[in-house]
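A short worksheet on the structure shown next.
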Amino acid sequence: MDIATELERKKTRRRTRFLALIVAFWVLAILVRLVQIQAFGHAAAKARVTTQSREELPIRADRGTIYDRKGRILAQSIPSKSVFVQPSPGGPKEAHFAPVRAAAPILGLDRDAVAQKLRQIEMGKNFVYLKREVEPGTVRRLTEAKIQGLQLQEEPRRYYPHGTLAAHVLGGVDTDERGLAGIELRYNGVLGGREGRRLVLRDALRREYNVETMAEPKPGKDISLTLDLNIQYFAQSELEKAMALHEAEWGTVIVGVPATGEILAMAGAPVYNPNAFASAPAERTIDRAVRTQFDPGSTFKIVTAAAALEHGRVGLSETFNCAADAITVPGGPIRDHKAFGVLSFADVFTHSSNIGTIQVARRLGPDLFFRMVQAFRFGLRTGIDLPAEAAGLVHPPNEWSRRSLDAMSVGYEVSVTAIQLLQAMNCIANRGELVPPRLLKSIDGRPVADGSAAERTRVLSATAAETLVGMLERVVLDGTGQPACPPGYTAAGKTGTAQLVDRDTRGYTSEKHLAAFAGFAPAEAPVLSIVVVICDPKKQDLYYGGLVAAPIFREVATRALRYLQVYPRPRPATILAARNREGGRP
């Protein structure tokens, strides 16, 4: 009995020691872990706790408003609601999502799209937008439906009160009001301001219990553009009418102030609504006025004429044989639209004779001609304050073929943009002084540069420029530009018609054309300059610049001059035009 008891006691002691050893080991492990956490892992643990309980979030700055030159709003940010889903602390349940799916028809969303967003939450995401910038009527219907699980967040929405008007100039923004195109992109840093920061503290259940502003947002600045909303409407409406009439591919109309370089209107077609920029087809958002390059055709003859006058290579009364309907040049003949007979230099320009222009260009030679191309800054960006401006394409003489001088003198083998044509026409209207175009008028009410003397560059002598103005006026009075003449006003300008390059053959085709007109009015004291470009008018009997683009110039100029209270008044025409009407040739 004693032996059995003693054995039992020994077993008990062994069990006790074993249990004590286990307990000691467990306590030691805890102590080691505590030391590890407190001494070596303190920083990491603290960081995890901080991450879980503290969150820094941006505070969006108020975006600046865009105005036209008379203070009318072109773009502004207005309050709107966004709909989002945020799971409860206990984790989302499938049953909780059923009411949310019921909101799909109200939000105009596909049920599958809503289900896909909800799956993001099931996979661990704690916040998902169902729809941003919801219309007030939709918000009201959601509120009335009392759908559980949906939450509303107020945030600004960029609003363009005039819809498609000036769309290509203004551009557009994304849902976070970051500029994506146009002025919104070019001056995003000015309009967008600087975002602030806020600190959000949460408890273990992720509930907010304190919000602290760490840095106040800095609102964006308001800007005013040189655009005039009414003139923009004149340009856009006349362009759209012409596009429909001629079934054209695209078109642009730019209206400027020659003396200052200010742009009063910049219309493009086809157009889009910047209020729905994200859903607009990419092709429609291209700003053709500054981004699309094209062969200028006969509008480029202003360079040939300017060079001839500036360097005294041709007299106004000097005559050229234009009796044939084509002139032989390397690579194949260049044709006129009809045989003219013998023409004076002035008549060559008035009737836009290719044959006569090429003869003038050969008097100049490559160096003098190219020097004038450079003086007008073709091949260089104008610096207009819009993104993605194209520079055009002008090859230097050492890259020319034997055909290049002849072709370039009549507007081929060179690519320009509409804004470059306007800059060149402004230079002639300014009697030889070139002023870069611009769209920005002021920032927060403080005016910016306005075409001061420091920005002006003399391209032509005043004498040569005045003579060229007279020649351009004759184009409108008696030549190819007669349909451009605004009733009661004088005007000067140049027509242009160019064949387009076929996408398949990569050669010029007689089936597609580009029609253009560039000019200014009144001729004696220019108030407006206007460039019109229409690409591929489908009615084959109406594709010349004088028949397609010039009438648009006339209508826009007439409406704009009357709006600006520039009233018709009789005046003596330029000497060149007066001699022409009297029957003499200068």
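Odds and ends about this structure:
- Looking across 323, 407, one residue alone is assigned by TED's automatic domain parsing to the domain that holds residue 297, at pLDDT below 95 and not acidic (Asp, Glu). It is 323.
- Qualifying residues in segment 259-313 (those that are assigned to a helix (DSSP H, G or I) and of a type in the set (Phe, Trp, Tyr)) - the one nearest to residue 379 (Cα to Cα): 300
- Counted residues, segment 455-479 - those being among the polar types (S, T, N, Q) and within 32 Å of the chain's Cα centre (by Cα): 1
- Flag if residue 295 is under 30 Å from residue 71 (Cα atoms), of a type in the set (Asp, Glu) and assigned by TED's automatic domain parsing to the domain that holds residue 369: no
- Filtered residues of segment 359-407 (kept if more than 34 Å from the chain's Cα centre (by Cα), surrounded by fewer than 21 Cβ atoms within 10 Å (Cβ to Cβ) and under 18 Å from residue 296 (Cα atoms)): 403
- Within segment 226-258, the set of residues being touching a Lys or Arg at 6+ places or on another chain (Cβ under 7 Å), within 17 Å of residue 537 (Cα to Cα) and outside any loop (DSSP other than H, G, I, E, B) comprises 246, 250, 252.
- Single unsatisfied condition, residue 358 versus (1) under 19 Å from residue 464 (Cα atoms); (2) in a helix (DSSP H, G or I): (1)
- Those residues of segment 404-436 which are assigned to a loop (DSSP other than H, G, I, E, B) and of a type outside the set (Ser, Thr, Tyr), in sequence order: 410, 411, 413, 414, 430, 431, 432, 435, 436
- Out of 108, 91, sole residue that is within 37 Å of the chain's Cα centre (by Cα) and either at pLDDT below 65 or surrounded by fewer than 11 Cβ atoms within 10 Å (Cβ to Cβ) (or both): 108
The values are calculated or read from the model by the stated rules, or taken from the named source; none is laboratory data. Values in this document were obtained by computation on a predicted structure and should not be read as measured data. Ideal geometry is used to build each Cβ from the backbone, glycine not excepted, and the neighbour counts take in all protein chains shown.
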